[in-house]
Each structure stands twice: as structure tokens, then as C-alpha cells.
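The values are calculated or read from the model by the stated rules, or taken from the named source; none is laboratory data. Please read all numbers here as calculations on a predicted model, not as lab measurements. Neighbour counts run over all protein chains shown; Cβ positions are idealised from the backbone, glycine included. To get the accessible areas, we keep the full protein, side chains included, count just its heavy atoms, and leave off ligands, DNA and RNA. Shrake-Rupley method; radii C 1.70, N 1.55, O 1.52, S 1.80 Å.
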Amino acid sequence: MSILDNRVLYPGDTIGVIGDSSNGPMIVAAARQSGFKVGAYGADETSEMLQLADFKIVGSLSDKDRLQDFAERCDVVTYDSENLSADLLGFLADKTLLPQGSDLQSMMADRLLERAFYEQMNVNVAPYATIVSLDDVYQSINSIGYPALLKPIQKDLAHGEEIQINTQTDIAQAAGLTDWGTYILESTVNYARELSVTVARTAEGEASLFPPAEIKRQGNHIQWVYLPVQLAADVKAEMDRICHEIVANLSYVGVFDVDFMLTESNAIYVKAIIPTFSEAGRIFDRAATVTQYEQHLRAIAGLPLSDVEVLKPTVLAAFNASQLNAMRTQWQIKKNWHFTYYHRFKKEDENDLVGHVIVQGDDVNKLLEQLEDTEIWSTAKAADDDQD
């Protein structure tokens with residue numbers, strides 16, 4: 001590790017942000033509040049992230065000249081999205097300090113590398129097989145079992161698609177898919193609960209774990225995130241062990257998220273590692289003494305990490321474009337609801353998430369009941385079921 005990797009940033013130093021997800025404005029605002037000068041890079045000069053920054057450079061992710069200009073104007077660059085390519089991140093790391101690096105991003109983009117990493121740490125993974133031809137699916141399905149998912153190795157594969165295989169007749173749907181690359185056939189884990197742990201890591205390998213939050217989904221989208229959660233002591237201890245093992249095996253600096261699946265018998269599987277801020281981590285904007293954005297800045301600026309203490313029971317509820325009118329009603333009457341709207345999102349689809357509300361009180365079950373009583377999310381669930 002070089003001396004540069006251990007440098008401390010001070011107010012007035014420049015942090016660059018690239019990625020322009022809905023987390024972009026949050027990290028820009030937190031950095032400016034901490035006294036840093038902030039630059040933002042993105043393709044849309046009207047985006048909220050670019051508008052909030054002290055300076056912006058408008059360009060595509062393939063424009064090497066503009067990217068180099070951006071990198072050289074920053075003391076440190078950080079990214080807010082898991083969708084940036086490792087090649088792009090490697091290019092930036094050659095031009096400036098990129099504490100997060102590109103290794104974790106590269107590993108999480110490749111499903112085989114991802115699973116090898118989990119197995120190295122003695123973490124449960126769903127049974128899987130490598131697929132290079134349709135014959136491999138027929139040969140592997142008996143050991144994998146039904147239902148199974150066929151997924152491309154590369155998560156960002158442009159022509160890749162996931163296929164659920166419930167019976168042998170479904171396998172024919174996969175004909176031609178392997179022309180685009182290697183796939184994996186993975187068993188479906190029948191899990192009862194999904195839990196998220198937000199982790200911060202310093203350059204020296206110090207770790208700080210936010211408390212686990214439970215996730216409820218509606219289709220592929222997060223519907224609710226809440227804490228505190230009830231976990232058996234041995235389950236919590238194993239989740240902590242896994243998070244610390246991940247920290248010990250990475251050179252990444254900053255905040256990342258570990259998503260866990262928990263079965264009825266309390267078997268633990270890692271669902272995903274998100275190599276930057278997560279949607280679930282937004283609950284700490286109000287739930288704890290420090291946010292994921294503040295903790296991330298402390299890590300990449302070479303500062304000691306803050307102690308994380310939960311302030312009170314909290315629920316985060318995400319809402320989509322079709323729920324906007326209903327949210328306007330709640331805006332007027334709910335004194336314990338705190339609203340966040342993602343300005344950068346256009347209402348292209350009614351199912352696109354456009355914001356979230358954080359609800360706080362003395363009892364998480366009563367908060368969940370309060371959300372249920374509005375019927376805002378039950379209506380959306382019924383629509384979701386109709387589409388299925």
C-alpha cells in the first residue's frame with residue numbers, strides 16, 4: 001500500500017463522484033456538508049447529482065479524455081453505482097486515488113468468481129453448475145433440482161437473460177442462449193427472510209457493521225426495510241463472521257452491503273454483495289447516529305469510523321410512480337413520515353421507484369401496521385400478482 005493510499009482528506013480537498021444513481025445526490029450533499037469540494041461526472045447535465053456538485057463534467061463513460069480531465073481535478077474519486085465496469089474503474093484508478101478500487105466490482109460482475117469467493121470463506125451457496133451448451137443443462141438438472149435458474153456468468157451481458165426452469169420441458173427455452181457466453185444453472189434457495197448488513201471498511205482493514213435490517217420485496221423491488229430485527233444469537237454471530245471475513249479478504253475501502261438469505265431452519269446464504277451503497281442502507285439516513293454516506297466519506301477520507309447506534313425503530317417504504325398520488329395524501333397527515341424523492345428519475349414506467357418514506361416510532365410492528373393500514377402497498381401487490 002502506498003503512502004497516497006493512507007492520506008487524510010481535509011475540508012477543501014476535492015472528492016469526485018461518478019455513477020449518477022439515486023445515491024449520487026446523497027453522497028454529494030454529505031461531502032459538501034463535510035466541507036469537501038465536490039465534482040460530479042455524468043452524461044446528463046440536468047441530473048440532480050451534477051446540479052448539486054461544485055463543478056461538473058458532462059461526458060459518456062467511454063470518453064477517456066473527459067474522464068481523465070475529471071480524475072485529474074479530484075484528490076479522490078468515488079462511485080455510487082454497482083453498474084460501472086471494472087475497465088472504467090481501472091482507468092480512473094490509474095489517474096487518481098480510487099479507494100474502492102475495481103476488484104470487488106469485477107468479482108461481483110462474474111457469477112463464477114463471486115461463488116468462488118463465497119466458497120473460499122466457507123459461506124453457503126446454492127448448488128450450481130457451469131453451462132456452456134444446452135446438453136450441460138440436461139445433464140446437470142438432476143443434481144441441481146427443480147426449480148432452477150439459468151443465469152449468464154457476466155451480470156452485465158447485453159444479450160443475457162435469466163430463465164426459470166420448473167420442468168424438463170422448460171429447458172428448450174434456453175436453446176441459443178449459450179451462443180452469447182457461459183451460463184450457470186443454479187438451484188433456487190427457498191428462504192424465509194432476507195437481511196441486509198451495511199459494512200464500512202477503512203484502508204487499514206478496520207470494519208464497522210451497521211445493525212442488520214430486514215427486507216421485504218415486491219417483485220424485484222424493495223418494498224420495505226425495517227429494524228430492529230429479531231435474530232437467534234448464533235445466526236447474528238455467523239452473519240458478523242461472514243462480514244468480517246469479507247472485509248479481511250478485500251482491499252476495498254468504503255461502504256458496501258451484504259445481502260443474506262435465511263431459511264426456515266436458520267441456514268444462512270449470501271444472496272449478494274453490493275460493492276457500493278445499497279437501497280436498504282438508506283434506512284440509516286434516520287435510523288442511526290451515522291448514515292452510510294457519512295461513514296463512507298470517513299473511510300475514503302482516512303478518518304476513524306463512527307460508532308453506529310440505532311436511535312429508534314424505523315421502517316423504510318419505497319414507492320413507485322403509480323403510488324405518487326396516494327403519497328400526496330399521506331404527506332399532509334403523517335407526522336412521523338419523512339419523505340425522500342429521487343428527482344433524477346423520469347416517470348417512464350409506473351413501477352419505477354421514485355422515492356421512499358422513512359417511518360419512525362416506538363414499535364416496528366406498529367409501524368408496519370401503519371403502512372399496511374394505508375393500503376398503498378397492498379394495492380400495488382395486487383397489481384403485481386395480476387401481472388404474474
(request) Output the residue which, of all residues in the stretch 299-311 that are among the aliphatic types (A, V, I, L, M) and touching a residue at least 60 places away in the same chain (Cβ under 8 Å), is surrounded by the most Cβ atoms within 10 Å (Cβ to Cβ). (result) Ala299
(request) Starting from the stretch 210-235, keep only residues that are in a strand (DSSP E or B), then list their pairs with residues that are open to solvent by 30 Å² or more (accessible area, probe 1.4 Å) and of a type in the set (D, E, K, R) whose Cβ atoms are within a distance under 6 Å, requiring at least 6 positions of separation or different chains. (result) Gln218/Lys381; Gln218/Asp384; Ile222/Glu279; Gln223/Lys216; Gln223/Arg217; Trp224/Lys216
(request) Restricting attention to the stretch 181-209, report how many residues are of a type outside the set (Val, Ile, Thr), under 21 Å from Arg115 (Cα atoms) and outside any strand (DSSP E or B). (result) 3
(message) Of all residues being crowded, with 20+ Cβ neighbours inside 10 Å, out of contact with any Gly (no Cβ under 9 Å at 6 or more places or on another chain) and without any contact (Cβ under 8 Å) to a residue 60 or more places away in the chain in the stretch 173-202, which is nearest to Glu264 (Cα to Cα)? Just the residue, please.
(response) Leu185
(request) Please name all residue pairs, on different chains or six or more residues apart, with Cβ atoms under 8 Å, provided the first residue is in the stretch 259-285 and is assigned to a strand (DSSP E or B) and the second residue is among the basic types (Lys, Arg). (result) Asp259/Lys271; Phe260/Lys271; Met261/Arg193; Met261/Lys271; Leu262/Arg193
(message) So, Leu353, is that one of a type outside the set (Lys, Arg), in contact with a strand residue (DSSP E or B) (Cβ under 6 Å, 6 or more places away or on another chain) and modelled with pLDDT of 95 or more or not?
(response) no
(request) Just need a number here: residues in the stretch 138-149 that are open to solvent by 10 Å² or more (accessible area, probe 1.4 Å) and hydrophobic (A, V, I, L, M, F, W, C). (result) 2
(request) Name the single residue, out of those in the stretch 312-332 being open to solvent by 20 Å² or more (accessible area, probe 1.4 Å) and in contact with a helix residue (DSSP H, G or I) (Cβ under 6 Å, 6 or more places away or on another chain), that is modelled with the lowest pLDDT. (result) Ala326
(message) If I filter the stretch 47-67 down to residues being part of a strand (DSSP E or B) and either in contact with a helix residue (DSSP H, G or I) (Cβ under 8 Å, 6 or more places away or on another chain) or basic (Lys, Arg) (or both), which single residue comes out as farthest from Val28 (Cα to Cα)?
(response) Val58
(message) Exactly one of these conditions fails for Ala207: (1) closer than 30 Å to Pro304 by Cβ; (2) touching a Ser or Thr at 6+ places or on another chain (Cβ under 9 Å); (3) among the small types (Gly, Ala, Ser). Give me its number.
(response) (2)
(request) Sort out which residues of the stretch 236-252 are open to solvent by less than 40 Å² (accessible area, probe 1.4 Å), touching a residue at least 60 places away in the same chain (Cβ under 8 Å) and closer than 23 Å to Ile300 by Cβ, and write them in order of number. (result) Ile246, Leu250, Tyr252
(message) So Ile18 passes all but one of these: (1) farther than 21 Å from Gly101 by Cα; (2) buried (at least 20 other Cβ atoms within 10 Å of the Cβ); (3) modelled with pLDDT of 95 or more; (4) of a type outside the set (Lys, Arg). Which condition number does it fail?
(response) (1)
(request) For the stretch 117-137, name all the residues that are open to solvent by 90 Å² or more (accessible area, probe 1.4 Å) and in contact with a helix residue (DSSP H, G or I) (Cβ under 7 Å, 6 or more places away or on another chain). (result) Val132
(message) Can you pull out every residue in the stretch 211-237 that is more than 14 Å from Arg193 (Cβ to Cβ) and of a type in the set (Asp, Glu)?
(response) Asp234
(request) Could you check Gln230 against (1) polar (S, T, N, Q); (2) at pLDDT 95 or above; (3) crowded, with 20+ Cβ neighbours inside 10 Å and say which number it fails? (result) (3)
